[in-house]
Each structure stands twice: as structure tokens, then as C-alpha cells.
Amino acid sequence: MLTINPLKTSLRQGKLVYGLLNSVPGPWLAEMIGRAGYDFVILDMEHLLVSEETLRHSLQAVLLTGCTPLVRVPAVDAKLIGRLLDAGARGIVLPQVDGAATVARAIAASRFPPLGKRGITGGPITGFGTLKLDDYIRLANDNIMVVPMIESRAGLDALPEILALEGVDMVLEGALDLALDMGLGPQPQDPQVEAAIGRLATQCLAAGVPFCANPRSPEQAALWRRAGITAWLAGEDRGYLFRALSDRLADLRQDI
């Protein structure tokens, strides 16, 4: 059943929050991330062929831990967004945003009238009717999140219009895709990319919209701490799992 979103509450209060991108689909790992103490997890549909059934179980597993599940969708599909929110997602992450119109469509798909165009249903999200529909609509409109990712020069140019929209709850950066779009190759730590992301963060802070940092080095992390950033993405689970498996094998081989 829909409840108050602890992530959105913490962001409003300026508290530190930490998240992880879930790139290995499945409810066990999704729940593990929540049990590990992360405040939010982003379940990925942009780059993964994951069934809606698997995603539904993952959402429920995350919610059991008190962690906030967000879903990165492949595109702004109002019907898909509606089903994800009905299944328990507490927010939508939008990749490759290049204009305010895209974000506005996602906000409309995520909110009930008069704030948007989302269609309503019952079932588990309303506690099978134990949550009154008027209360459910108010709760949903106040707690569902829309999080654009800025990953291109066009997205950077459109950022002032995006930040001016009512309903943008946090902004993520996509340094690797931004580097590719800038013609720099797969170099997310290129000085030009870092400077662009710095300007992005500055604009978010000035607009009162939380910027979520994704530091790729201790130096970057220190920079964001000095800037007063409170939202942090710790990368993705796939890389950590692979390195842990590789390191463990290397340790055992050294012992022989």
C-alpha cells in the first residue's frame, strides 16, 4: 500500500541519502541493496531486458526493507509509467533527457488530475480499498518522484526550463553518455565533462532542486562534499559484484 516516501521526505529536509543502480535484475539482489542500508535503489529498464513480473517482485522486495525503489524507464510511456507506479515504484528516472517537454510528459503521467493525467486503479497500491481513493490521490501526488538524467549538451542547454517545472524532485548526471555526446569518447572524468557537471550541480542548487552526485574518484567525492551535496549515487551493483568475485578468486589463487 502506498505510504509516505522516505526518500522524498529526506531530500526535503536536506538529509544525506545514498542510492545504488540495480543492473542485475531480481528480487533477491534488490532486497539485499535495501537491507545493506541504502536509501534508494534505481531498478533499470533502460539497458536491461527485464520482465514486468520480475520488476514487480523486485519493487515489493525493496519496499519491505524501507528503501525507496525508483525505476529508470526506457522512454516516457504513460501506460508503462502508470503500471510501474501501480506496482509500487515510488518514482521514475528519465534517461537521456534533452528538453523540458519530455519531463513535463513524465510528470503528467505520474500524477493524478488535476496535477496530471495518470489513470487510477485499486489493488495492492490502495491496500485493496483500505486506503480511501481521495487520500490515495493526495498521497500519490505528493510522494511520487520524477528524476531526469542530464546526459547530453541538449539536456544541459534545457536545464533551466527543466528546473522551472513543478514536479522535478532530483536531477541525476550521466557523465559517460555526456562525454560521448561531447565528442570526447568514453571519458567521464574529462575536465570538460567535470566542468559541465559542476555547472549542472550549481544550477540545481540555485533552483532548490537536489542534485545527485555520482563520484568516480575520492577527489570528486571530496569536491561534492565541500559543495554541500546531500544526494549520492554509489554507482551500480554489477561492477561491485564482478570486482568482488574477481578479487576473491585472485586471493584464493595466491594462497595455493
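The values are calculated or read from the model by the stated rules, or taken from the named source; none is laboratory data. Note that the structure is a prediction, hence the values are computed from the model and not measured. Cβ sites come from the backbone with ideal geometry, for glycine too, and all protein chains shown count toward neighbours. The area values use the complete protein model at the heavy-atom level, side chains included, leaving out ligands, DNA and RNA. Shrake-Rupley method; radii C 1.70, N 1.55, O 1.52, S 1.80 Å.
Could you state the principal axis extents of the C-alpha atoms in the stretch 75-212, from the largest down, to the nearest angstrom?
54, 27, 21
From zero outward in steps of 10 Å, how is the percent of C-alpha pairs of the stretch 1-136 spread across the bins?
Bins of 10 Å from zero give 12, 42, 38, 8, 0 percent of pairs.
Under the rule of -39500 (n - 2.57) per DSSP H run of 4 or more residues, summed and divided by the residues of the chain, what mean residue ellipticity at 222 nm is obtained, to the nearest 500 deg cm²/dmol?
On the way: 11 runs with 124 residues, N = 256.
Value at 222 nm, helices only, nearest 500: -15000 deg cm²/dmol.
Tell me the per residue accessible area of the chain using a 1.4 Å probe; a whole number in Å² is fine.
Accessible area per residue, the chain: 49 Å².
What does the stretch 137-253 give for Rg and for Dmax, in Å, if only its C-alpha atoms count?
16.8, 58
Which peptide among 22-34, 4-16 comes first, and what is the full order, when sorted by highest mean count of other Cβ atoms within 10 Å? It would help to have the intermediate numbers written out before the result.
On the way: 22-34: 19.2, 4-16: 15.5.
Most protected by this proxy first, the peptides run 22-34, 4-16.
Rg and Dmax in Å for the stretch 91-161, alpha carbons only: what are they?
In order Rg, Dmax, the Cα atoms of the stretch 91-161 give 14.7, 47 Å.
In whole Hz and in residue order, list the ³J(HN,Hα) couplings for the stretch 95-112 that follow from phi through the Karplus curve 6.51 cos²θ - 1.76 cosθ + 1.60, θ = phi - 60°; x for Gly and Pro.
Result, rounded to whole Hz: x, 6, 6, 10, x, 5, 4, 4, 5, 4, 5, 5, 4, 4, 6, 9, 10, 7.
Points 7 angstrom from Cα along the Cβ direction at residue 206 and residue 241: gap in nanometres?
Inter-label distance under the simple model: 4.1 nm.
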